[in-house]
1. Just give me the residues in region 17-32 being of a type outside the set (Asp, Glu) and either without any contact (Cβ under 8 Å) to a residue 60 or more places away in the chain or closer than 24 Å to THR76 by Cα (or both), in sequence order.
2. Give ARG63, ARG69 a once-over and let me know the one that is in contact with a strand residue (DSSP E or B) (Cβ under 9 Å, 6 or more places away or on another chain), surrounded by 13 or more Cβ atoms within 10 Å (Cβ to Cβ), at pLDDT below 95 and in a strand (DSSP E or B).
3. If you take the residues in region 99-113 that are in a loop (DSSP other than H, G, I, E, B) and closer than 23 Å to GLN19 by Cβ, which one is farthest from the chain's Cα centre (by Cα)?
4. Test LEU6 against the criterion of being closer than 22 Å to PRO119 by Cβ, assigned to a helix (DSSP H, G or I) and touching a residue at least 60 places away in the same chain (Cβ under 8 Å), and give yes or no.
5. Among the residues of region 72-98, which ones are in a helix (DSSP H, G or I) and either exposed (fewer than 13 other Cβ atoms within 10 Å of the Cβ) or of a type in the set (Gly, Ala, Ser) (or both)?
6. For the list (1) within 19 Å of TYR115 (Cα to Cα); (2) open to solvent by 30 Å² or more (accessible area, probe 1.4 Å); (3) in a strand (DSSP E or B), I need the number of the one condition that GLY40 fails.
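The values are calculated or read from the model by the stated rules, or taken from the named source; none is laboratory data. Since the model is a prediction, treat every value here as computed from it, not as a measurement. Here the Cβ positions follow ideal geometry from the backbone for every residue, glycine too, while neighbour counts run over all protein chains shown. The accessibility values were calculated without ligands, DNA or RNA, using every heavy atom of the protein model including side chains. Shrake-Rupley method; radii C 1.70, N 1.55, O 1.52, S 1.80 Å.
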Amino acid sequence: MEDPELCAQPWYAGSCDRQTAETALLYANKDGAYLVRRSGRGGPQPYTLAVLLGARVYNIPVRLIPGPRPFALGRTNTCPELFPSVPSMVWHYTQHPLVLVDGTTCARQHTRLIYPVKP
């Protein structure tokens, strides 16, 4: 069963698939547009944060880590920022820069989560 606090968020897309999420973000056509959806992988990466920047959608896994602050972004990180909930993680990145890394070139860009999108 889904967390009611999460389901009530304007940026939560539930079990929306990757293609639908990316289409919705590209249609929004605003840098900083974002949503969170359930990950197709599940397990230790139950959610994906999808963010639009420069006409490109970045899909970032949200990981579960054992402990009192169990949520972190990215596949791996030696010193991740940890959050007690997905909504608190999203709120943090509406206030602070989020580093997006191009998987091909390793180029880094910064954005904030500005425009919530729901497909």
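1. ARG18, GLN19, ALA21, LEU26, TYR27, ASN29, GLY32
2. Exactly one residue qualifies, and that residue is ARG63.
3. THR104
4. yes
5. Within region 72-98, SER88, GLN95 meet the criteria.
6. (1) is the only condition that GLY40 fails.
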